[in-house]
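Quick note: the coordinates plus some simple rules give every number you see, no bench work behind them. None of the values given here were measured: they were computed from a predicted structure. We place every Cβ from the backbone using ideal geometry, glycine too, and count neighbours over all the protein chains shown.
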Amino acid sequence: MEIRDLTKEIRDKSIEYAKPKELDRLSTSWYQEDLLYSGKGKTIFLILPTPGCSWALGPSGGCTMCSYISDCYLKPIETPKIIELFEKELSKWDYAEDYKNGDKIAIKLFASGSFLNPEEVPKEARDYILQKLADSEEISEIVVESRPEYVKKEVLDEIFEIIGDKLFEISIGLETSNEETRLNKINKGFNNKTFEKAINTIKEAKEQYNIKSKGYIFVKPILLSEREAIDEAIETASYCEDIGVDRVSCCPATIHRGTLIERLWKRGSYNPPWIWSTIEVINTIRDNVKIPALMDTSGFGSRRGPYNCKKCNKELKYKIIDSNFDQSKIEHDCDCKKEWIAEVKFSDLNKSKTPTKHLPLY
Ligand code: SF4
Ligand SMILES: [Zn+2]
């Protein structure tokens, strides 16, 4: 339990030193091309103001790589305020014009935690938001994120009573199918059974509703070598397909402030994955599974994100983004590839994953 205690300690400290937030500045949004279920289209990405992820604020301290709560209010927020900020963000984008010109439009609602947890997004706010989206003829797909324990049939019934036949996707941060990694290295706090229960609830609801599921795969948790991280991500995608997840999205590690992953990184015991590793992951997943597989490129080429070399970082990032649209495989070469091959080959030998008891944690 050392990892959990440390995560809690680091989390408490970062909350203690967090500057008070201005509520009006906690929502944000952007609008860009994206791969929808209906093909290439446009998505409004909208971050809702919330008190923060209950898992991170609770006694567990949350996940070892995540600092979303540092962008949250940490106190309850009145429903009218959530609605006001949601409306403000939505009104920024002229998606109606794109819809008229033939584009398909989706919205991704991020709650920096679980949209389906009423303690994070009150039911009245959730109902209002969904009603507004149900009334919009332009928006055809709604995507939210949630931990699996909040995926319940009653909640799905409430949602679809409002949104009718619009497509609704629930994205769940599975991170890995390896229970040991998820529990003891990510501190995620749920097992495969809980995830499978949520996926089954979604699968059964498909008889009535236009519902989909997505699994997030975290590429390179702490205490895994580069090789192990690649293999686990690939295995996780196959596991997702086997149990009936509709699509997967790989999220390579970036170093968030105020997390255990940051502490290890600062002390030289952890590095985010090579971009080459993310390419091996996504190319192999696309060979192995039939469901769509996406690779997130946030933080690529930055000091705290996946990195190859100055020569190829940017080009590869754009190649990966393009490949997400047509699900093609990425081909590229660069001098730095040799270095990556050596690291992947020898990382298990030279112990680049440091055993827990030798970690420079304090
Ligand atoms: S990854 Fe998800 S569940 Fe974990 S702390 Fe972050 S928001 Fe909460
Ligand atoms: Zn390179």
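The H on the amide N of Lys104, modeled in the peptide plane, is under 5 Å from the matching H of Lys42, each at least 5 residues off or on a different chain. Packing, as the average of other Cβ atoms within 10 Å across residues, places the peptides 292-300, 112-120 in the order 112-120, 292-300, highest first.
Listed as lacking a disulfide-compatible partner in the chain: Cys53, Cys72, Cys240, Cys250, Cys251, by the criterion of no other cysteine Cβ under 4.7 Å. For the chain, what proportion of DSSP beta bridges, expressed in % and rounded to the nearest 5, is antiparallel? Beta bridges within the chain, antiparallel portion: roughly 20 percent.
Computed from the alpha carbon atoms alone, the convex hull of the chain holds 136 Å³ per residue.
Compared with the dominant principal axis of the Cα atoms in the chain, helix 226-243 is inclined by about 40°. Cross-linked pairs Lys188/Lys310; Lys40/Lys193; Lys266/Lys337; Lys152/Lys214; Lys75/Lys123; Lys152/Lys203: Cα-Cα separations exceed 22 Å for Lys188/Lys310; Lys40/Lys193; Lys266/Lys337. Principal-axis analysis of the Cα atoms of the chain puts helix 192-205 at an angle of about 30° to the longest axis.
Annotation: the residues Glu87, Glu145, Glu16, sorted from fewest to most other C-beta atoms within 10 Å of their own C-beta, follow the order Glu16, Glu87, Glu145. Taking Cα atoms only, the orientation of helix 123-134 departs from the longest principal axis of the chain by about 80 degrees. Summed over qualifying helices (DSSP H, 4 residues or more, each -39500 (n - 2.57)) and divided by its residue number, the chain shows a 222 nm mean residue ellipticity of -12000 deg cm²/dmol.
The loop-placed trypsin sites (Lys or Arg not before Pro) in segment 77-127, going by DSSP, that have at most 16 neighbouring Cβ atoms within 10 Å of their Cβ come out as Lys92.
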